[in-house]
Amino acid sequence: MRHLLGILTRWTVALPIVGLVVLGATWGRDLGAVVLTVVALVLVGAVLAAVQHAEVIAHRVGEPFGSLVLAIAVTVIEAGLILTLMASGGSGATTLARDTVFSAFMICLNGIVGMSLLVGTWRTRFTHFNAEGTGSALATVATLATLCLVVPTYTTSSPGPQFTPTQLAFAAVASFLLWASFVGNQTVRHRDFFLPVTGRGEIINDDAHATPPTARTTWLSVALLIASLIGVVGLAKVTSPAIESGVSSAGLPHAFVGVVIALLVLLPESISAVRAARRGRFQTSLNLAIGSAIATIGLTIPTIAVAKIWLDTPLHLGLSALQVVLLTLTIIVSVLTVVPGRATRLEGAVHLALFAAFVFLAASP
């Protein structure tokens, strides 16, 4: 985190600006393969710049507020991508939100948690965290996932795995209130439950020993983070036809587009979580992973519900039987990982095995 306390490096300032320039030059145009490659590289650069600026802001406000900043930023990207692709129509538009949100859930709770566990236990036998805070976060995301992704499969008021307008409104309001309650619990009432801890349960407070960035640097990062997010959403929209055609050309199901989108938007979280685990702050990794999953459902579903007022595309949120199995197994394994308050490399391998199964079955259902 020390490298974030000085003057921002040039590439973190340049890439958000370059992203906006490239977005303006390519928006609404047919692009060749070479230009698309350049746009994709700028897109990845904008994502990495967003990580850096979010971490500067996070260090200024401290944990767990920092994890919340990055989670909301990632959710803005994801919701923007889903809405822009749904608005463009297409054969997979009806299930795009479901596939993307479910992919984000699996990536967060298995991919990010699994990688963080492996990195966190690379030199030690155990990695420690606060089971109280993590358990409440896990209960929240399990409830959100079940309410918004499983229940629509079994409702009978409308044909297909979708809510009626009234049911969608209820799910949207309930999701937002659950997210808001979790944020209040995480940042105000029980903030200590979400701070990194030692093996003896003592809270680790890096903020007391490191000089935070200045207000000027922080506000510059806020402006550049917003620019990065705008660039990421816009450039992803520019490259989305290439993503869809690439998935189709590879013979993969259209649902795999949701996996690609989720992998892209969760890249900042993944990098930050692994960095935290490498520094021995696995609680921060869990805050990022589970907090992003909560924000993905708790904010994306209400956003899409509001957008449905003017979107004619049907919204199929209910998971398939195979996806329900993977979701249920993920929740069970996550509970077993969280309950002891410490985890080993084996738990990391189990989560990564579930993540690999998810990706493989998404490509070959």
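Do you know which residues across the range 223-266 are under 18 Å from Ala58 (Cβ atoms) and surrounded by fewer than 15 Cβ atoms within 10 Å (Cβ to Cβ)?
The answer is Ala223, and nothing else.
Being at pLDDT 85 or above and not polar (S, T, N, Q) is true for just one of Val38, Val56. Which residue is that?
Exactly one residue qualifies, and that residue is Val38.
Could you please find all residues in the range 309-352 being surrounded by fewer than 20 Cβ atoms within 10 Å (Cβ to Cβ) and charged (D, E, K, R)?
Asp312, Arg342, Arg345, listed by residue number.
Name the one entry in Leu81, Leu68 that is farther than 18 Å from Val232 by Cβ, assigned to a helix (DSSP H, G or I) and modelled with pLDDT under 75.
Only one candidate passes the filter, namely Leu68.
So which of Thr239, Thr214, Thr296 is of a type in the set (S, T, N, Q), under 24 Å from Ala363 (Cβ atoms) and modelled with pLDDT of 80 or more?
The match here is Thr296.
Give Thr300, Thr296, Thr328 a once-over and let me know the one that is of a type in the set (S, T, N, Q), assigned to a helix (DSSP H, G or I) and more than 23 Å from Thr164 (Cα to Cα).
Thr328
In the range 227-266, which residues are under 25 Å from Leu15 (Cα atoms) and either over 17 Å from the mean Cα position of the chain (by Cα) or not in a helix (DSSP H, G or I) (or both)?
Ala227, Gly231, Gly234, Leu235, Lys237, Val238, Thr239, Ser240, Pro241, Ala242, Ile243, Leu266
If I ask for residues that are farther than 18 Å from Ser272 by Cβ and part of a helix (DSSP H, G or I), which ones from the range 106-129 would you list?
Matches in the range 106-129: Met106 only.
Among the listed residues Gly258, Gly184, Gly234, identify the single one that is at pLDDT 80 or above and over 21 Å from Thr100 (Cβ atoms).
Only one candidate qualifies: Gly184.
Closer than 23 Å to Ala169 by Cβ, of a type outside the set (D, E, K, R) and in contact (Cβ under 8 Å) with a residue 24 or more places away in the chain: which single residue out of Gly298, Gly291, Gly348, Gly341 fits that description?
After applying the criteria, what remains is Gly298.
The values are calculated or read from the model by the stated rules, or taken from the named source; none is laboratory data. Computed from a predicted model, the values in this text were never measured in an experiment. FYI the Cβ positions are ideal-geometry reconstructions off the backbone, even for glycines, and counts take in every protein chain you see.
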